[in-house]
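No lab work stands behind these numbers, since they all come straight from the coordinates. These numbers were taken from a predicted model, which means no experiment stands behind them. Positions of Cβ are generated from backbone atoms using ideal geometry, with glycine treated the same way; all protein chains shown enter the neighbour counts.
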Amino acid sequence: MRLLFLDIDTLCPDHLGCYGYGRPTSPNIDRIAAGGMRFDQYFCSDAPCLPSRTALITGQCGLRNGVVGHGGTAADPRLQGSSRGFTSEIAHLSLWGWLTQRGLHTASVSPFAQRHSAVWFPSGLTETYDTGRGGMESAEEVTPVALDWLARHARDDNWVLHVNYWDPHTPYRAPAEFGNPFEDQPLPSWMTEDIIAAHNRLPGGHSSREINMWDDAVSPRYPRHPGSVTSLADFRRLIDGYDCGVAYADLHVGRLLNALADAGVLDDTAILVTSDHGENLGELNSYAEHGSSDYCTHRIPMIIRWPDSVAGHVDHGLHYNLDLGPTLAELLDAPPRPGWQGRSYAPALQSGAACGHEQLVLGACTHSAMRSVRFGPWQYLRVYHDFFHLWPREMLFNVAEDPHETNDLASARPEVCAEAARRLLDWHDQQMSGLRDAVDPLWTVMREGGPEHCRGALPAYLERLKATGRGEHVAALTARHGGELGGRSQS
């Protein structure tokens, strides 16, 4: 078995041609999808980067493994305590270690462990290659390392190569010489001047007036990345910048496919394309960020071309990213790790059978603190910290009809909110009953001063709101977040 694992950071499925996008961003990924299976409703259990990949590698959701944030106690896996043996619990959960124990040579080309001080991430890998810039890499810095590895190993049997591209991640950084193949392409039709004008009057981190999180500064190093969106022309710059990042990563995916073809092993290599999280590109007045527990942040692509599996099929079931380990276990006819929480979707790959979850419970605690429930056509959001957006306590969207979350139905459909809240409570009870310490890391984040990217930011942001004509929000933010008015920004 050979497996090329393409992990493209911040990749929105609805910006890929194989998911129906009208712009030609992804011809090489589309080619993989045509020969494999595309999963339409696939979600990271926890967002963004660090919580998502922790869930993927441990096979456990953030509430269980302890990682839900980007700072503080909840940015590290739970301490195992006195039960820790010669090796840690996380080593025994590791997806990489499980693959290695199956006799596979496992290698990763990624700066992720360095970026987040995630020293546990390489646990179980045979080889690791840190590309050295902590997630600020452009694809031309990653591809040569992967091509060198393939030149030495592509014809070998039994390997897994994980390649991590960052080009769609903020700041949008496709090289200038790549140009802009989308400058004459239509924009996503859901965004309008009226929506932008409404957003411009609202507060919030990474909102339309503060794409640089708390201000509208623009780095001369990243001219594709705007500081604010006050018109559709600005929105074009944002979308074109993001789409160029997607297309540039896809170009380099094609180079890896060509290397496999040149080695004569392309048809015999399983290929997996996925991401850690998606991106809000204006949804919920969040621009160029992935800081909420909403549909756009959690939904990720999953495309798998597996030998002898169904080709050209689309699966519409609900799946978590942490379902991958059990799926690979079933495909390889091996027992999964004890402690993995996911459910295998191998039957979908093998025969197109429906095998999704009835619901998914999702969480984000790095910018906001939120949990959400995805079931039926609904995405229900429960807000504990609003990233200074003044979002209501509950939001509800029919994402089957309104995937860009323009119409909050919470007040119109209280019975759906009640059902979703019950589902969230039942899930929470089940998760907490399996914990040694019965501590919910979401509340650890809140006790330690709130989400990492908000800590200490409010005083200066209130002054910016006054200076930019939005001072009417100061009283409401002070009432809601008065306890956060001390300290200085860590963001």
query = So which GluC sites (Glu not before Pro) in the range 127-224 pass both tests, a DSSP loop state and at most 16 other Cβ atoms within 10 Å of the Cβ?
reply = Glu183
inquiry  = With angles folded into 0 to 90 degrees, how steeply does helix 232-262 sit against the dominant principal axis of the chain? Use alpha carbons for both and round to 10.
reply    = 10 degrees
inquiry  = Between 0 and 90 degrees, rounded to the nearest ten: what's the tilt of helix 49-58 against the longest Cα principal axis of the chain?
reply    = 40 degrees
key: For the range 380-446 and the range 137-176, distance of Cα centres in Å   = 36 Å
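Within 10 Å, count the other beta carbons around each residue, average over each peptide in 360-366, 69-75, and list them highest first. Let's see the in-between values first.
Details: 360-366: 27.0, 69-75: 22.1.
The densest-packed peptide leads the list: 360-366, 69-75.
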remark   = Using alpha carbon centers only, the range 43-71 is separated from the range 260-329 by a whole-angstrom value of 16 Å
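Go ahead and estimate [θ] at 222 nm for the chain from helices alone: -39,500 (n - 2.57) per DSSP H run with n ≥ 4, summed, over the residue count, rounded to 500. Numbers along the way, then the final one.
Details: 16 runs with 155 residues, N = 491.
Computed ellipticity for the chain at 222 nm equals -9000 deg cm²/dmol.
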query = Toward the positive end of the charge dipole of the chain, about the Cα centre and with charges on Cβ (Lys, Arg +1; Asp, Glu -1), which of Thr269, Met136, Pro188 goes farthest?
reply = Met136
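If you take every residue apart from Leu50 with its C-beta less than 13 Å away from the C-beta of Leu50, what net charge results, scoring Lys and Arg +1 and Asp and Glu -1? Working shown, then result.
Values: positive: Arg53, Arg115; negative: Asp9, Asp46, Asp76, Asp276, Glu452.
Taking every Cβ under 13 Å from that of Leu50, the sum is -3.
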query = Listed highest first by mean packing, meaning other Cβ atoms within 10 Å per residue, what order do 243-249, 142-148 come in?
reply = 243-249, 142-148
ask   = Counting alpha carbon pairs within less than 8 Å and at least 6 residues apart, what relative contact order, in whole percent, applies to the chain?
value = 22 percent
note = Here, Val474 and Ala198, labelled 7 Å along Cα→Cβ, have an inter-label distance in nm of 2.7 nm
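Just the number, please: percent antiparallel of the DSSP beta bridges in the chain, rounded to the nearest 5.
Working: 30 of 59 bridges.
If we restrict to bridges inside the chain, about 50 percent are antiparallel.
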key: Inter-site label distance for Thr87 and His313 at 7 Å from Cα along Cβ, in nm   = 3.4 nm
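Working out 0.36 nm times the residue gap between Asn398 and Leu332, then minus their Cα-Cα distance, what length gain in nm do you get to one decimal? Each step should come with its number before you reach the end.
On the way: separation 66, 0.36 × 66 = 23.76 nm, distance 3.73 nm.
Value of the extension gain: 20.0 nm.
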query = Which whole-percent values make up P(r) of the range 87-142 when all C-alpha to C-alpha distances are grouped in 10 Å steps starting at zero?
reply = 25, 47, 25, 4
message = I need the shape label for the range 361-491. Rule: rounded when a/c is under 1.5, else prolate if a/b > b/c, else oblate, with a, b, c from the alpha carbon gyration tensor.
response = oblate
request  = Specify which labelled value, from [x] 34, 27, 22; [y] 60, 32, 20; [z] 54, 32, 20, agrees with semi-axes √(5λ) of the Cα gyration tensor in Å derived from the coordinates of the model shown.
outcome  = [x]
Protection proxy ranking, peptides 448-457, 42-51, 275-284, 350-359, average beta carbon neighbours within 10 Å, highest first = 42-51, 275-284, 448-457, 350-359
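Let me check I've understood the local charge: for Gly483, count other residues with C-beta under 15 angstrom from its C-beta, Lys and Arg +1, Asp and Glu -1. What total comes out? Please list the in-between numbers first.
Values: positive: Arg447, Arg455, Arg480; negative: Asp386, Glu448, Glu484.
Surrounding charge for Gly483 is 0.
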task = Could you tell me which chymotrypsin sites (Phe, Trp or Tyr not before Pro) in the range 73-130 are loop residues by DSSP with no more than 11 other beta carbons within 10 angstrom of their beta carbon?
result = Phe86
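With only Lys, Arg, Asp and Glu charged, each at its Cβ (+1 for the first two, -1 for the last two), find how big the charge dipole of the chain is about the Cα centre; round to the nearest 20 debye.
1020 debye
Under 8 Å for C-alpha pairs, at least 6 residues apart: give me the relative contact order for the range 278-342, rounded to a whole percent. Each step should come with its number before you reach the end.
Values: 42 pairs, mean separation 12.8, N = 65.
Taking the mean separation of contacting Cα pairs over the length of the range 278-342, I get 20 percent.
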